[in-house]
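One structure is given below, encoded as structure tokens.
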Amino acid sequence: KQEVTQIPAALSVPEGENLVLNCSFTDSAIYNLQWFRQDPGKGLTSLLLIQSSQREQTSGRLNASLDKSSGRSTLYIAASQPGDSATYLCAVRDNYGQNFVFGPGTRLSVLP
Amino acid sequence: GAVVSQHPSRVICKSGTSVKIECRSLDFQATTMFWYRQFPKQSLMLMATSNEGSKATYEQGVEKDKFLINHASLTLSTLTVTSAHPEDSSFYICSARDTGLFPYEQYFGPGTRLTVT
């Protein structure tokens, strides 16, 4: 059974810092991996999607990498801003039922 | 991009009543839709997978008679929480898979906050 973990559980940084969020998964037979942002009481906003054959994806200040063999992904946020404060969820879609398995999330606070 | 809507966004109901939540794919067809539940400060947990025109598949521990799912068309799935109790209070999120276009991406709705008093 696929399990997804995220480290750290919470992170508080001053504005302007670069930061890295980590995601690990136990079964490397994945279809793709996706990073989401969730603001309090709100739904999910898709940030980056990496197909199993890809190594990384970039969008603006965000860069996500995928090392399928080691079961790891990182989300890099450059020059963090207070508006980046949210919970970041990593989700893995497997090759079998192709359901998403979500990690517990990292709660990010960027202080002005 | 593809849009998934949910209605209502918030609902408060009394214990023992039933409440229906709708999930619609607005600009694509979704043979498969998913229902997730999220408790405060926890991640999303898959409740069930629904396929258009057939019975839903429920995850272990989810009562199928309590959480009724109907996926009657390619753009609409409904989740009915029957005889709701306070412990059913949660954030329910649906997701729809675009089965008409490879790589069959999955899009998430904005969620429905259910409070049972």
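Simple spin-label estimate for B:ASN70 and A:GLU15 gives 5.1 nm between the two label positions (7 Å along the Cα-to-Cβ direction from each Cα). As an exercise, identify the trypsin sites (Lys or Arg not before Pro) in region A:1-99 lying in DSSP coil whose Cβ has no more than 11 other Cβ atoms within 10 Å. Those satisfying the criteria are A:LYS1, A:ARG55. Applying the criteria of a DSSP loop state and at most 16 other Cβ atoms within 10 Å to the chymotrypsin sites (Phe, Trp or Tyr not before Pro) of region A:1-108 yields A:TYR96. With only Cα atoms counted, the protein assembly as shown has Rg and Dmax values of 17.7, 51 Å. Taking max minus min of the alpha-carbon positions on each principal axis, chain A gives extents of 43, 27, 20 Å, largest first. With bins 10 Å wide beginning at 0, the percent of Cα pairs of region B:54-117 falling in each bin runs 17, 46, 29, 7, 0. Once the C-beta distance of B:GLN42 and A:LYS1 is scaled by a Förster radius of 22 Å, the resulting FRET efficiency is 0.80 to the nearest 0.05. Structural descriptor for chain B: relative contact order 37 percent, calculated from alpha carbon pairs under 8 angstrom and at least 6 residues apart.
Put simply, the Cα atoms of region B:1-55 extend 34, 26, 24 Å along their principal axes, the longest span coming first. Extension gain for A:LYS42 to A:GLU56 (0.36 nm times residue separation, less C-alpha to C-alpha distance): 2.4 nm. Restricting the trypsin sites (Lys or Arg not before Pro) of region B:30-117 to loop positions (DSSP other than H, G, I, E, B) with no more than 11 neighbouring Cβ atoms within 10 Å leaves B:LYS41. Relative to the current alpha-carbon distance between A:ASN22 and A:ASN95, full extension at 0.36 nm per residue lengthens the span by 24.1 nm. Across peptide B:26-38, the average count of Cβ atoms from other chains found within 10 Å of a residue's Cβ is 1. Placing a label point 7 Å from the Cα of B:LYS20 along the Cα-to-Cβ direction, no residue of region B:85-117 has a backbone N closer than 12 Å.
Bear in mind these aren't lab numbers, they're just calculated from the coordinates by the rules spelled out. Just so we're clear, the structure is a prediction, and the values are computed from it rather than from any experiment. In this analysis, Cβ positions are derived from the backbone assuming ideal geometry, glycine residues included, and neighbour counts consider all displayed protein chains.
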